[in-house]
1. Please find, among Arg226, Arg252, the residue that is surrounded by fewer than 18 Cβ atoms within 10 Å (Cβ to Cβ) and either at pLDDT below 95 or closer than 27 Å to His187 by Cα (or both).
2. Filter the range 18-73 down to the residues that are in contact with a Lys or Arg (Cβ under 6 Å, 6 or more places away or on another chain) and part of a loop (DSSP other than H, G, I, E, B), then identify the one that is surrounded by the most Cβ atoms within 10 Å (Cβ to Cβ).
3. Name every residue in the range 268-288 that is part of a helix (DSSP H, G or I) and either closer than 19 Å to Thr168 by Cα or without any contact (Cβ under 8 Å) to a residue 60 or more places away in the chain (or both), in order of residue number.
4. Can you tell me how many residues within the range 144-154 are touching a Phe, Trp or Tyr at 6+ places or on another chain (Cβ under 7 Å) and either closer than 13 Å to Glu207 by Cα or of a type in the set (Gly, Ala, Ser) (or both)?
5. Please tell me if Ala291 is in contact with a Phe, Trp or Tyr (Cβ under 9 Å, 6 or more places away or on another chain), over 30 Å from Ala315 (Cβ atoms) and either in contact (Cβ under 8 Å) with a residue 24 or more places away in the chain or not in a strand (DSSP E or B) (or both).
6. Just to check your reading of the model, which residue among Lys89, Lys161 is of a type in the set (D, E, K, R), surrounded by fewer than 21 Cβ atoms within 10 Å (Cβ to Cβ), in a loop (DSSP other than H, G, I, E, B) and touching a Ser or Thr at 6+ places or on another chain (Cβ under 9 Å)?
7. Which residue is modelled with the highest pLDDT, if the candidates are limited to the range 175-211 and must be more than 17 Å from Arg275 (Cβ to Cβ) and β-branched (Val, Ile, Thr)?
8. Mind listing whichever residues of the range 168-179 are part of a loop (DSSP other than H, G, I, E, B) and closer than 20 Å to Ala211 by Cα?
Amino acid sequence: MKEKLNTYNNPLKEDLDHILAHTKGLWEELRGKKVFITGGTGFFGCWLLESFAWANDKLDLEASAFVLSRNPAAFEKRAPHLYHHEAIKFLKGDIKDFISPEGSFSYLIHSSGYQQNADEKANNISMVNEMLNGTRRILDFCAQVKVEKMLLVSTGAIYGKAPSHLKTIPEDFPDSFDPTISKSVYHHVRRMMETLSVIYAEEKGFEAKIARCFSFIGPYLPLNGRFAVSDFILDALSKNNIIIKGDGKAVRSYLYMADLVIWLWTVLFKGKNCRPYNVGSEMPITISEVAEEFANILVPPLPVLVLKESSHGVAQDYYVPDTSRARSELDLQQRIPLSKAIKKTMQWHRDINLRKEH
């Protein structure tokens, strides 16, 4: 049975109120309309659905979201409150060849990406086919159903590895990757997805918005070994040592997911057509410092173990965005500091474990 969210018992209530407070002026554009979402059951997608359902209920928008998913039944078990929400409908299918639902859609968010477990061998041909053919299918769908605005959730990985002197990466950073080097295929595929979106938008008459997303933390983060912070969460939950698999010198920045979805909805509704925006935090932090943050939230603090020694003469690896474009054009900013983000994420995962135990 479809129903509204329980606004009293939702463990993300504080975050969802935060999102609504900083997006309230945007939602009127969605009133009575439909949005189509790919990747709606992933890390980003769960937050998009949570924030959509919250705004829809709180503001009586009478909007609806259609979510394309390969396995809706699995999502029902993981997030039944979203699966059964009255304004959210699921369409079982694959982005490359799904059957179009009837009717028109005003908005589309393409946030699906190629999923590969950390221990799986890379299959570049499969990745290229899925991401490019899937994106072409989604863009054809945009034209077919007369979408007004679409958001491509892209990635900072399109920049490749920035030179050591560049501490933050701007949107106009020139690509220096050789397209004949297969190890950079993900970088090139992501760039092509952006190019396809722009071409379709210009020729088919809809607006394409591009969000180049960097590193994030928050509830729903998959603990599958693909990210250092997910490893740290597992270490902290098990109260073992916090283990850094590398030398800990790499520099990253992390935006909390409640802030991320503020950025994504704002880029969709207010971003300039065919213009990319970096999305993320500008506050640099080494992996070692992140590990220390996780270690120190427990009493007593856990020890931090670094598995690899630093290589002398090797420049630090920076992956931090320059977000001045988003700040100046869309008035976007980081509002939740990393220290608070870590505590909120850890508490959410503790609560999940407690519910599983009972």
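1. Numbers: Arg252 fails: surrounded by fewer than 18 Cβ atoms within 10 Å (Cβ to Cβ).
Result: Arg226 is the single residue among Arg226, Arg252 that is surrounded by fewer than 18 Cβ atoms within 10 Å (Cβ to Cβ) and either at pLDDT below 95 or closer than 27 Å to His187 by Cα (or both).
2. Step by step, filter the range 18-73, then rank; the result is Ala63.
3. Pass one, the range 268-288, residues part of a helix (DSSP H, G or I): 268-270, 287-288.
Result: Ile287, Ser288.
4. Looking only at the range 144-154, we keep the residues that are touching a Phe, Trp or Tyr at 6+ places or on another chain (Cβ under 7 Å), and these are 145, 147-150, 153.
Now narrow it down to the ones that are either closer than 13 Å to Glu207 by Cα or of a type in the set (Gly, Ala, Ser) (or both): 147-150.
Adding up the residues that qualify gives 4.
5. Values: in contact with a Phe, Trp or Tyr (Cβ under 9 Å, 6 or more places away or on another chain): yes; over 30 Å from Ala315 (Cβ atoms): no; either in contact (Cβ under 8 Å) with a residue 24 or more places away in the chain or not in a strand (DSSP E or B) (or both): yes.
Considered against the rule, which asks whether it is in contact with a Phe, Trp or Tyr (Cβ under 9 Å, 6 or more places away or on another chain), over 30 Å from Ala315 (Cβ atoms) and either in contact (Cβ under 8 Å) with a residue 24 or more places away in the chain or not in a strand (DSSP E or B) (or both), Ala291 comes out as no.
6. On the way: Lys89 fails: in a loop (DSSP other than H, G, I, E, B).
That would be Lys161, the only listed residue that is of a type in the set (D, E, K, R), surrounded by fewer than 21 Cβ atoms within 10 Å (Cβ to Cβ), in a loop (DSSP other than H, G, I, E, B) and touching a Ser or Thr at 6+ places or on another chain (Cβ under 9 Å).
7. The selected residue is Val189.
8. Restricting attention to the range 168-179, the residues satisfying the condition of being part of a loop (DSSP other than H, G, I, E, B) are 168, 170-179.
Once the filter is applied, which keeps residues that are part of a loop (DSSP other than H, G, I, E, B) and closer than 20 Å to Ala211 by Cα, the range 168-179 yields Thr168, Pro170, Glu171, Asp172, Phe173, Pro174, Asp175.
The values are calculated or read from the model by the stated rules, or taken from the named source; none is laboratory data. In this text the structure is predicted, and so the values were computed from the model without any measurement. When we count neighbours, we look across all protein chains shown, and the Cβ atoms used for this are built from the backbone with ideal geometry, even at glycine.
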